[in-house]
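First the structure, in the form of structure tokens, and then the observations on it.
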Amino acid sequence: TRFAVVRYGNVVGSRGSVVPFFKKLIDEGASSLPITDARMTRFWITLQDGVDFVIRNFVRMHGGEIFVPKIPSVRITDLAEAMAPGLQQEVIGIRPGEKLHETMCPADDSHLTVEFSDHFVIRPTIKFFRGDVDYLTNNIEERGEIVPQGFEYSSGTNPHFLNVDEIKAYNVRAGA
């Protein structure tokens, strides 16, 4: 038996996501949407994309690694605009424990992180299964490259941000 972990961002429309909260406020006729901080960003993935990523990695995994998909980010202000065009956004302040940005590959793990075309792998510090595995090549012979020291994969510095129209399309595709 082998184990691996998949780490991904906000699942569009899932419980705990801001989408159902915004939708409820909009349906109730709110005059504004509360924004904790205008700088806030989140990684964005549909449930189906998340499931597909998990399934793809069953065949890729050696065991012990963490898989992180390359997915887009959204700005909370763009999400609010996509869901309620023209509705006022009221900045209410960040809540205790809330982060401005999500980090899925922390800089502290850069020495363990391998970049592939559509995902990252954070290698385990302990070889659980086979000592000869270097994790640079997965079980289907895809080859990755070690990221530079200090690399961080964060929703705030992600090179792929969705615009308002793309957010609308994602939300429709997710049924949110």
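A few remarks follow.
- Residue ID - modelled with the lowest pLDDT, chosen from residues in the stretch 1-17 that are under 12 Å from MET61 (Cα atoms) and touching a helix residue (DSSP H, G or I) at 6+ places or on another chain (Cβ under 9 Å): ALA4
- Any hit, the stretch 96-111, residues being closer than 26 Å to PHE3 by Cα, surrounded by 14 or more Cβ atoms within 10 Å (Cβ to Cβ), hydrophobic (A, V, I, L, M, F, W, C) and out of contact with any Ser or Thr (no Cβ under 7 Å at 6 or more places or on another chain): yes
- Taking the listed residues PRO85, PRO148, the one that is under 25 Å from ALA169 (Cβ atoms), surrounded by fewer than 18 Cβ atoms within 10 Å (Cβ to Cβ), touching a helix residue (DSSP H, G or I) at 6+ places or on another chain (Cβ under 9 Å) and at pLDDT 95 or above is PRO85, with no other qualifying.
- Whichever residue in the stretch 3-24 is free of Cβ contacts under 8 Å to residues at least 12 places away in the same chain and part of a helix (DSSP H, G or I) and, among such residues, is surrounded by the fewest Cβ atoms within 10 Å (Cβ to Cβ): LYS24
- The residue that is surrounded by the fewest Cβ atoms within 10 Å (Cβ to Cβ), among those in the stretch 25-49 that are free of Cβ contacts under 8 Å to residues at least 40 places away in the same chain and closer than 20 Å to TYR153 by Cα, is ASP49.
- Among the conditions (1) more than 30 Å from ILE76 (Cα to Cα); (2) crowded, with 17+ Cβ neighbours inside 10 Å; (3) in contact with a helix residue (DSSP H, G or I) (Cβ under 8 Å, 6 or more places away or on another chain), the only one that VAL133 does not satisfy is (3).
- Odd one out for HIS160, checked against (1) surrounded by 15 or more Cβ atoms within 10 Å (Cβ to Cβ); (2) within 20 Å of ILE76 (Cβ to Cβ); (3) touching a Lys or Arg at 6+ places or on another chain (Cβ under 9 Å): (1)
The values are calculated or read from the model by the stated rules, or taken from the named source; none is laboratory data. Fair warning: this is a prediction, and the values are worked out from it, not measured in the lab. Every residue, glycine among them, receives a Cβ derived from its backbone with ideal geometry; neighbour counts consider all protein chains shown.
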